[in-house]
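The values are calculated or read from the model by the stated rules, or taken from the named source; none is laboratory data. None of the values given here were measured: they were computed from a predicted structure. Every residue, glycine as well, gets a Cβ built from its backbone with ideal geometry; the counts of neighbours run over all protein chains shown.
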């Protein structure tokens, strides 16, 4: 399946990556597939939302989707491209990689395996590549200027993410 990536409509980063921001897909895409994570590949329903909104592509660099019995990271946007988040300070947004968890974690508690895959397959390689420490991992609600934002969900615990990152340190 081909994602509707329109590179000509993307803006590219001119600064070094300094942050990794964690989101949930249900915050901007109203499709039921964006709210409930199940064992099917759920990117196709999101594509319909993207086309309706007129976005150049999915507004995250990666989505962590449950496919079958395990979680798989899916590249949605090249990481030199900027994601467009009006509620995040420009200095932070322009220096961030955005990772979304498929589903709504205000409705469901994340499984331990989700934290493991997030840390091992996505966050740790970026921490090593850009020489960052775990204090640079942020939840969307921590960097947003929207007061009552619950992204990436009430049940996502930053402490668990950081603990998994420390467990899987790449030397």
Condition check for residue 112: within 21 Å of residue 158 (Cβ to Cβ), modelled with pLDDT of 85 or more and touching a helix residue (DSSP H, G or I) at 6+ places or on another chain (Cβ under 6 Å): no
Some residue of the stretch 18-41 being modelled with pLDDT of 80 or more, crowded, with 18+ Cβ neighbours inside 10 Å, part of a loop (DSSP other than H, G, I, E, B) and touching a strand residue (DSSP E or B) at 6+ places or on another chain (Cβ under 9 Å): no
Meets criteria (within 13 Å of the chain's Cα centre (by Cα) and closer than 15 Å to residue 24 by Cα) for residue 138: yes
